Every structure is written in C-alpha cells, then in structure tokens.
1. Would you mind putting 393-405, 112-124 in packing order, based on average other-beta-carbon counts within 10 Å, highest first?
2. Could you tell me which of rounded, prolate or oblate describes region 372-416, using a ≥ b ≥ c as the square roots of the eigenvalues of the alpha-carbon gyration tensor, with rounded for a/c under 1.5 and, failing that, prolate when a/b is larger than b/c and oblate otherwise?
3. Give K376/K412; K449/K530; K412/K449 a once-over and call out the pairs whose C-alpha atoms are over 24 Å from each other.
4. With θ taken as phi - 60° and the coefficients 6.51, -1.76 and 1.60, list the Karplus ³J(HN,Hα) couplings across region 184-201 in order, rounded to whole Hz; mark glycine and proline as x.
5. Of the listed peptides 466-474, 89-97, what is their order by residue-averaged count of other C-beta atoms within 10 Å, with the highest listed first?
6. Ordered by packing density, taken as the mean number of other Cβ atoms within 10 Å over each peptide's residues, highest first, how do 364-372, 231-239, 377-385 rank?
7. Residue by residue through region 25-37, which ³J(HN,Hα) values in whole Hz follow from phi under the Karplus form 6.51 cos²θ - 1.76 cosθ + 1.60 (θ = phi - 60°), with glycine and proline marked x?
Amino acid sequence: MSTRKPSYRTPKPCKHLAEYKLIHGQNGFNMILNCLKTSPYGRTMIDMSQSAIPRCSFCSGYQGRLYICLICSSMSCFISPESSHAALHAQSQYGHQIAVDIERAELYCCVCCDQVYDPDFDKAVMNKHIMGLPRNDIGDVGGELRFSKRKRLSFVDLDSKNGKQVVLGRDPRLKSCFPLGLRGLNNLGNTCFMNSVLQVLLHAPPMRNYFLSDRHNRDTCRKRSSDRPCLPCDIDVIFSAVFSGDRTPYSPAQFLYSWWQLSENLATYEQQDAHEFFISMLDRIHEKEGKVKNATKDNADCHCIAHRVFSGLLRSDVTCMTCGFTSTTYDPCLDISLDLDTSSSADLTNQPSEKNENTVVSTLVGCLDLFTRPEKLGSDQKLYCQNCQEKRDSLKQMSIRRLPLVLCLHIKRFEHSPVRKLSRKIDRHLRFPFHLDMTPFLSSSIVRKRFGNRIFAFEGDESDVSTEFEVFALVTHSGMLESGHYVTYLRLKNQWYKCDDAWITEVDEEVVRSSQCYLMYYVQKVLYHKASEDLSCLPMSPRGETLVPIAGCC
C-alpha cells in the first residue's frame with residue numbers, strides 16, 4: 001500500500017456549518033428530511049402543500065429565495081445582499097446561521113450569504129429523493145436498467161470529414177421524459193459556475209463522443225499513480241454517471257476537489273467566473289492529454305481533446321499608416337471575446353446594435369463585425385514598422401484563420417475602469433441567431449474585402465472546415481457583479497432545456513432569447529444534426545459485442 005501523502009489540502013468548509021454540526025449534529029437535518037417531497041419530475045423540495053403560501057417572517061413577502069432555519073424553522077427571504085432578511089435573522093438570533101432553501105433543498109449559510117455543501121446532508125437528501133421516485137413492480141426505481149457505460153452505449157468519433165453517426169442504444173418501448181444524458185448537477189456551495197460549464201461539456205458532441213467511446217479510459221490511465229489528480233479521469237466519471245440513466249441529481253464533488261488541487265489559487269467556496277473556469281478546465285485537460293498525444297509546444301498543433309474540439313486560429317494584421325506595410329501574426333485561441341457595441345442603426349443585419357428610447361440592444365452578428373473591424377491604435381501604441389525602420393501609427397484588424405469544431409463566444413459583460421477603480425456589469429440584451437454563418441469573419445473574406453473584393457487565391461485550409469454553425473448551449477448570468485447565478489440552456493433535438501444546478505426544465509425559445517448570454521457555444525452544423533439522430537436499432541460496439549439497451553430518461 002502506498003504511503004505517500006498528497007501535496008495539497010482540501011479547502012475547509014464553512015465554519016458556521018462546522019459549528020452547527022458540532023453542537024447539533026444531524027438533528028436539524030433529520031427534521032428537514034421529514035418535510036421533503038419529490039415531485040413527479042424528480043425535483044426534491046420542502047413540502048409546503050399543507051400550509052399557506054410560504055412567506056418571509058420579517059416582511060411577509062414571497063419574492064426572491066426563501067430559507068427555513070434549521071434551529072427555529074422560521075422563514076426568511078433573500079432578494080439581494082442589500083435586502084437579505086435571512087442574514088438579518090442570523091444576526092438577531094445567535095447560532096441560527098444555517099438554513100435550507102425551500103425550493104432546492106440545499107444548505108445555505110445566512111452569514112456567508114452563500115450555499116454550502118455538506119456530504120452528510122447531500123447523502124440524506126439523495127436517499128430521500130430515491131425513496132420518493134416511482135417504482136415498478138419489481139422494485140426498480142423509475143424502471144431503469146443499470147449497466148456499465150462500456151456495454152450500454154457506443155459512441156464513435158463524429159468527424160465532419162467522414163460524417164459518422166452518434167449511436168444511442170435505447171429501448172424503444174420506454175418513452176423518456178428528457179434526452180439521455182440530461183441530468184441535474186448538485187450545487188456544492190456556490191458552484192453554479194462549474195455546473196453550467198460542465199453541462200456544456202457533457203453535451204458538446206465531439207467531447208461526448210470522445211469520452212463515451214473510451215478514448216480516455218480511467219481504468220487504464222497510467223497517470224493515476226501520480227501525486228496530482230487526473231482531471232480527464234474525473235470527467236470520464238461524470239460522463240458515466242450522467243449517461244447511466246439515473247435521474248437523480250449528481251454531485252461532482254470529486255471533480256471539484258481535483259480542479260481545486262490543480263488550481264490552488266482558485267480553491268475556495270467563493271463564486272468564480274464561468275469563463276475563467278472554462279479556460280482553466282481546458283488548460284488542465286491539455287496538461288494531461290497533451291503529453292499523451294505527443295503535442296508540440298504550439299497549442300495550434302496539439303492533438304489533445306480540448307484543442308481538437310475548441311481550438312481555433314486567429315489572424316492579426318497590423319498595417320503601417322505611412323507606407324502600407326502589413327505585418328501578420330497567428331495566435332491559437334480557445335474562445336473569442338466580443339464587446340457589446342453601443343452604436344445605433346435601424347438595419348440590424350449589418351450593424352452591431354439598435355437604440356430606442358429606453359434600451360440598447362446588441363446583435364451577435366454586429367459584435368462579430370466589430371471584432372473584425374479595422375481599429376486605429378492609439379498614439380501610445382505605435383508599433384515598429386519593418387519597412388520604415390521606426391515606430392509608426394498603425395491599423396490593426398483581427399480575423400479568424402481557422403474555425404474550431406465547437407465555437408465558444410465570450411460576451412464581455414463585466415467591464416473595469418482602472419481610473420475610477422470601479423467595476424460594473426453590462427445588462428444589455430443580445431440578439432443572436434440559432435444558425436450562424438461565419439464566412440464573413442474568416443481571414444479570406446476579410447482580406448478580399450480589404451482589397452475591394454478582388455478574386456485571388458488565398459492560402460490555407462479554410463475550405464476544409466464548415467463555416468455554418470448551430471447554437472447548442474448558452475451560459476447565462478443573472479444578478480449583480482458581486483453576486484449572481486449562472487444557468488445553462490441546452491438545445492437538444494431543437495428543444496431547449498434549462499439546467500439550473502440540480503433542476504432540469506423544458507423551456508420555450510422565447511425564454512432563451514430573453515436571457516443574458518455570457519458564454520455562447522456553437523457547433524458545426526453537420527455535427528449538430530448528426531448528434532440529433534437517434535437510431536432505434538441496437539448498434540455494435542468497436543469490440544464486436546452487442547450493446548444493451550437502457551431507458552432514455554435523464
């Protein structure tokens with residue numbers, strides 16, 4: 001048995017929760033569990049059906065989130081950090097810091113103003129949840145058959161060049177409430193930023209095909225013997241769990257701990273930025289997978305799954321305004337960050353935004369146009385011209401040299417003023433298409449336009465990649481800069497689903513269009529439609545064995 005000690009520490013939980021458990025143990029947990037109920041849709045919440053509409057004991061209101069104290073069972077509300085009767089209750093009553101969200105059945109610290117995670121409470125809620133699910137005649141929960149991932153499904157690589165299909169083995173006699181793999185993720189203490197990005201990763205067709213076809217088998221991963229954890233192995237565990245057919249919300253605690261260990265500066269229960277987490281997660285995957293795939297130092301040539309799916313190539317042209325000499329550089333990218341433009345125009349098809357009396361509405365096409373528009377560099381940003389042999393005023397223009405399989409667009413909703421030392425969130429609405437043609441923003445199109453749309457040969461492999469994309473996931477942010485909540489909208493078979501931590505609900509298209517997009521994920525059109533195909537026949541695995549069908553519920 002190995003005696004080595006890990007070189008990391010798991011961050012300490014909320015001290016108020018630790019104090020509560022030290023004094024009261026799990027008595028409060030048991031009291032709350034007796035009040036839990038499971039809805040027909042698999043949602044666990046506090047049963048308030050025998051009483052009137054739940055209201056805050058301070059203001060008698062029912063707006064915002066409502067929490068029930070584990071000590072005195074009083075109800076208090078939380079609308080914003082400035083209007084939190086839950087915090088007021090904790091201040092007025094000593095030891096009454098821990099409460100439970102009545103709609104989510106999740107622990108909440110009224111002093112920290114944050115959700116907190118406790119494995120004992122989580123286990124108890126899940127046991128109560130499973131007991132409340134409908135059972136069939138033989139006692140199986142939800143009539144589900146549980147088999148290993150290896151014998152259940154066969155996902156082959158979905159490549160735009162060979163056009164292979166994703167195959168889902170499912171029993172045609174069983175009608176599913178949600179598509180297979182659509183499963184809620186428990187909030188482990190202000191981890192909605194993590195859950196929202198994980199939902200995107202789980203349903204990105206190339207990523208899903210990679211992990212469900214055993215391209216990274218955690219059982220044979222040699223890196224598990226090292227002191228540091230393997231994040232792809234933990235992701236493989238999550239894929240197995242969410243595609244197991246189990247409908248109960250899943251707790252990605254092991255993944256969170258591994259990410260903390262690999263990103264020690266971010267090891268905290270405080271809210272993190274979803275975009276920063278997305279980039280950090282891909283970097284951690286690259287660190288593990290890149291070594292195995294014999295990647296070069298240039299990420300553009302890396303064959304790890306993170307870069308194969310999300311990596312593109314940007315082109316930057318800097319033109320001297322004196323002599324016209326142009327210097328071109330190329331940089332790999334995992335996402336494209338876009339500014340929300342404030343200019344006005346009546347023609348939404350060509351301009352970034354429109355103004356009316358009360359609001360400004362930006363468009364995604366306009367934001368991409370702004371990204372690829374020539375920009376004059378300031379006098380303090382003069383660049384050295386190789387032709388003039390001195391620094392000159394210059395024009396800079398960005399374009400996309402190579403498109404990825406999955407295009408991530410980051411909308412800059414948080415702006416910082418170094419002069420005023422203030423930060424604020426931009427709550428501007430963004431109109432976006434479900435189908436996006438990226439042809440106008442490719443380097444070939446930008447360069448030809450620069451030279452008057454003259455027809456000339458353009459070097460490169462842009463023609464090898466489809467320029468038509470379909471949106472399949474959106475990560476939205478609601479609330480303020482200091483405190484907010486992340487939610488993911490998934491588009492599966494042209495139906496939208498809202499993934500709000502543990503809760504999965506079907507929503508209309510209008511709900512999605514009215515949300516505040518923060519991260520937008522578009523997949524190549526051919527991959528989106530191939531992934532939507534659901535074959536009823538039983539496929540054969542690469543190993544030659546017949547796959548066993550499984551119920552298709554989330």
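Coordinate-derived values only; no laboratory data. On a predicted model such as this, the values are computed, not experimentally measured, just so you know. All Cβ positions, glycine included, derive from the backbone under ideal geometry; neighbour counts span all protein chains shown.
1. Top of the packing list down: 393-405, 112-124.
2. Cα axes put region 372-416 in the oblate bin.
3. The pairs that break the limit, which is 24 Å between Cα atoms, are K449/K530; K412/K449.
4. x, 10, 5, 7, 9, x, 6, 10, 5, 5, 6, 4, 5, 6, 4, 4, 5, 4
5. In decreasing order of mean packing, 466-474, 89-97 become 466-474, 89-97.
6. 231-239, 364-372, 377-385
7. Running phi through 6.51 cos²θ - 1.76 cosθ + 1.60 with θ = phi - 60° gives x, 10, 4, x, 4, 5, 5, 5, 4, 5, 9, 7, 9 Hz.
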